[in-house]
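A.B. asks: Mind looking over this structure? Questions follow.
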Amino acid sequence: MKKHHRVILGTALALGAMSVHAKTYVLTDVQNNVEVGNWKTAGANYTIEQKVLHGGKQEGSKVITITSPTGLTIALSPTRGMGLLHAEGKGVHLGWKSPVTEVVNPAYINLESRNGLGWLDGFNEMLVRCGYEWTGHPTTADGQIYTLHGKVQNTPASYVAVEIEDKAPFAIHIKGLIKESTFKKTDLQTMTELTYIPGESSFKLHDVLTNHADYAHDYQIIYHSNFSQPILEEGAKFLAPVSEVSPFNDYAKKGLKDWQSYLGPTQGFDEMVFNLKPLSDKNGNTMAALLNKNGDKGVAIAFNTQQLPVLTLWKNTDTLKQGYVTGIEPGTSYAYPVTIEREQKRVKQLAAGQSVSFDLTYSLLSDRAQVQQVEKSIQQIQGKTAIKQVETPIAKE
């Protein structure tokens, strides 16, 4: 197997020191009143382009696309919290087809509509950051509405820069600063970073969340990672080393015995969610994967349980038009409302001036050897630990 195709668990956090020899292109900088529109640059094995979209609810939205002919095409939107729209390469598409077909500008979204479900009006990305001030299902508490999955995904970046290293392997870094700053409430700021080496079949995320306030503040995050065809299909399977699985609610109970396998598109299938307790190696590294039925296509997500201690599996195998998709979701919390997560002690806190990092590696798997390597890595972590199936949900909304 070619070296650049390997999926290596230990590299999930090992990005290494970034070269100081890099060309930097600042595309957005609110402090210096910089806003670049359509823009493009290219190298020997890549192009990077920013486009400003027009028309409908995507008016003014920006999309940055990295294209590597021998590797991946990766698209993200600075307008939508630096969320990843999709990635693809070698005949494999990572992402899904939502009824929401536009890259919706947050200016057209009311998060409090539908009793706090307005977030769904823009939901179509491969990777959505749910947080950071709060996440989970909507609820009303503390005199405010905690809307579905927080605000960061519907917050345009205040700073966006493209950095391209000028020495091999010519890594590309896309950075974006997302501010959740509200008078009397919070000043959480997250510097997101996507790193991609042209020609490779994986990319890394390195996010640094900092509390810029003079007071401690809670935080939550779920990395809502969503996939569909050609990987998701009848007979596809989910793999992750876990010690325990439980249904999110009573509806998910009936799917507990088949929690790792998938149906094809199914009319009337409501979403089933499962709460998982991931296992890891001695350094906290672990991996979750979605594999197709034939075992020759897939996607793997490597993360660290010291940063992201819980894992949610979202199965939404509805019809293709309605949204045939599954979500692999490492996080600090499950998707219950923040009130429940507080009660069960999963809400974390940052002291004034404190920062915390989150590192994930996404790998596209395009042949049987790559799939088998991921299966082996997951099995090594699972070892002889039996997966405990708990039939009672850990909480009730």
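A.B. asks: Among Gln144, Gln349, Gln373, which one shows the biggest mean-square fluctuation in a GNM of the chain, springs joining Cα atoms closer than 10 Å?
C.D. replies: Gln144
A.B. asks: Can I ask one more? Through the Karplus equation 6.51 cos²θ - 1.76 cosθ + 1.60, θ set to phi - 60°, convert the phi angles of segment 197-209 into ³J(HN,Hα) values in whole Hz; use x for Gly and Pro.
C.D. replies: Per residue, the Karplus-derived 3J(HN,Hα) values read 9, x, x, 7, 10, 9, 9, 10, 10, 9, 10, 10, 9 Hz.
A.B. asks: Could you work out [θ]222 nm for the chain from helices alone, using -39500 (n - 2.57) per DSSP H run of at least four and dividing by all its residues? Round to the nearest 500 deg cm²/dmol.
C.D. replies: Numbers: 5 runs with 33 residues, N = 397.
Estimated from H runs of four or more residues: -2000 deg cm²/dmol.
A.B. asks: I've got another one for you. How much net charge surrounds Leu360 when only other residues with a Cβ under 9 Å from its Cβ are counted (Lys, Arg +1; Asp, Glu -1)?
C.D. replies: -1
A.B. asks: I would also like to ask the following. Quote the charge dipole size of the chain about the Cα centre in Debye, to the nearest 20; the model charges only the Cβ of Lys and Arg (+1) and of Asp and Glu (-1). Kindly include the intermediate steps, with their values, before the conclusion.
C.D. replies: Details: 39 positive and 39 negative charges, 164 e Å.
In total the dipole reaches around 780 debye.
A.B. asks: Right, next: Report relative contact order for the chain in percent, whole number only (criteria: Cα-Cα under 8 Å, sequence separation at least 6). Please list the in-between numbers first.
C.D. replies: Numbers: 1073 pairs, mean separation 69.7, N = 397.
Relative CO of the chain lands at 18 percent.
A.B. asks: By counting other Cβ atoms within 10 Å of each Cβ, how are Glu102, Glu234 ranked from fewest to most?
C.D. replies: In order of increasing Cβ crowding within 10 Å: Glu234, Glu102.
A.B. asks: Label-point separation (nm) for Asp29 and Asn45, each offset 7 Å from Cα along Cα-to-Cβ?
C.D. replies: Placing both labels 7 Å along Cα→Cβ, they lie 3.1 nm apart.
A.B. asks: Please figure out what share of the DSSP beta bridges in the chain is antiparallel and state it in percent, rounded to the nearest 5. Don't skip to the end; give the middle numbers.
C.D. replies: Numbers: 116 of 119 bridges.
Counting DSSP beta bridges with both partners in the chain, the antiparallel share is about 95 percent.
A.B. asks: Quick check: residue separation of Asn115 and Lys376 times 0.36 nm, minus the Cα distance between them. What number comes out in nm?
C.D. replies: Values: separation 261, 0.36 × 261 = 93.96 nm, distance 4.42 nm.
Taking Asn115 through Lys376 to full extension adds about 89.5 nm, to one decimal.
A.B. asks: Using the alpha-carbon centroid of each, what span in Å lies between segment 197-242 and segment 250-329?
C.D. replies: 12 Å
Any read-out appearing in this document is the output of simple, stated calculations on the displayed coordinates, not a laboratory observation. Keep in mind it's a predicted model, so treat the numbers as computed, not measured. Don't worry about glycine lacking a Cβ; one is built from the backbone with ideal geometry, like all the others, and counts go over all protein chains shown.
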